[in-house]
Amino acid sequence: CNRIGHRLYAAELGAPEPVTCLGPEVWVWHARPGVTEHGCRPGVRLGHEDTSCTAEFDKVTVLESFSSVVRVAVETSEFQVEVELAPTVEIPTCWPEKARWPRCLKRWPSQEKVQCIKSLGFDLLARSNYHWQLCFSRAEHILMEGLDEDGGCRMKCFRVMRQMKEDIWCAGNKPVITAYHLQTVLFWTCEKYPRTKDWRCFHEAFLRLVQKLHKCVSQHFLKHYFVKNTNLLKYANTSDLDVVASKLAVFLENPVFCLD
């Protein structure tokens, strides 16, 4: 039986970017049962690579409604974000035909993890009255969850790259490059470099990630990790992408950064 529900997609307005994302919309809140009327405030569980936390809605304001999506402004005790409420259909124990994954003769992820991911199925996300988008949030969460089981530095590379994206390469409330794009770059790089020794040296591994990101941004092309013919940068502003590409090129010429 398929489960139908709503999920919340937070736009970047100074809030932290968790890793489990459904697409360029940035990140997902899993709402607990609750009522938003008559003074009742539901709690939400915020997805994050380290842990899950619970926050309370202090104020929710409806900004606009379009097609199947309702956009609202949410204030919590910790930060303020804009979110989009969109219907989703959960389809467990089934894998979509369009997702030709994994590709043949790939060593990452392991066959055991592939079987686990496919057994959890996928979701359909309503993007308009007549269009549903494939969503792989559970699969992406599992891939991120066990990244460094071999003692590598993949997650450290991701965190530093995300921080530099926010601070230097692509700052602002509505960046052309999001955490989801960085996550996808990470997945492709993990697949290309599956060996443990490829992720022992942080500096070498980090530069490989930035080089991959620079190539994708320069070419205005970043292939979806699960759906072969989907370009995640297809509708991005090309001028904004070129600006980011220039900043990445400057960094690669003289890769100096700080680790907190």
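Do we have PHE226 as surrounded by 15 or more Cβ atoms within 10 Å (Cβ to Cβ), over 18 Å from CYS135 (Cα atoms) and at pLDDT 95 or above here? So PHE226 fails the test.
In this structure, is ASP50 of a type in the set (D, E, K, R), modelled with pLDDT under 80, part of a strand (DSSP E or B) and surrounded by fewer than 18 Cβ atoms within 10 Å (Cβ to Cβ)? When the stated conditions are applied, ASP50 does not pass them.
Tallying residues that are assigned to a helix (DSSP H, G or I) and either touching a residue at least 24 places away in the same chain (Cβ under 8 Å) or basic (Lys, Arg) (or both) within region 174-197 yields 15. Considered as a group, the residues in region 96-143 that are surrounded by fewer than 17 Cβ atoms within 10 Å (Cβ to Cβ) and among the small types (Gly, Ala, Ser) include one that is nearest to VAL227 (Cα to Cα), and that residue is SER119. Of note, ALA171 satisfies the criterion of being closer than 23 Å to ASN231 by Cα, among the small types (Gly, Ala, Ser) and without any contact (Cβ under 8 Å) to a residue 24 or more places away in the chain.
If you check LEU248, LEU252, LEU222 for being touching a residue at least 60 places away in the same chain (Cβ under 8 Å) and more than 22 Å from GLU145 (Cα to Cα), only one passes: LEU248.
To keep it simple, each residue is scored yes or no on (1) hydrophobic (A, V, I, L, M, F, W, C); (2) touching a helix residue (DSSP H, G or I) at 6+ places or on another chain (Cβ under 7 Å).
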{"site": "CYS104", "(1), (2)": "yes, no"}
{"site": "SER110", "(1), (2)": "no, no"}
{"site": "GLY121", "(1), (2)": "no, no"}
{"site": "GLU149", "(1), (2)": "no, no"}
{"site": "ARG154", "(1), (2)": "no, yes"}
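Applying the criterion of being under 20 Å from SER65 (Cα atoms) and in a loop (DSSP other than H, G, I, E, B) to the residues of region 120-137, the residue that is nearest to the chain's Cα centre (by Cα) is ARG127.
Taking residues in region 95-117 that are in contact (Cβ under 8 Å) with a residue 12 or more places away in the chain, and partners anywhere that are in a helix (DSSP H, G or I) and not charged (D, E, K, R), the pairs with Cβ atoms closer than 6 Å and at least 6 places apart or on different chains are PRO102/VAL114; TRP108/CYS190; ILE117/ALA139; ILE117/ILE142.
The values are calculated or read from the model by the stated rules, or taken from the named source; none is laboratory data. Since we're looking at a predicted model, the values are computed, not measured. A quick note on method: Cβ atoms are made from the backbone with ideal geometry, for glycine too, and the neighbour counts reach across all protein chains shown.
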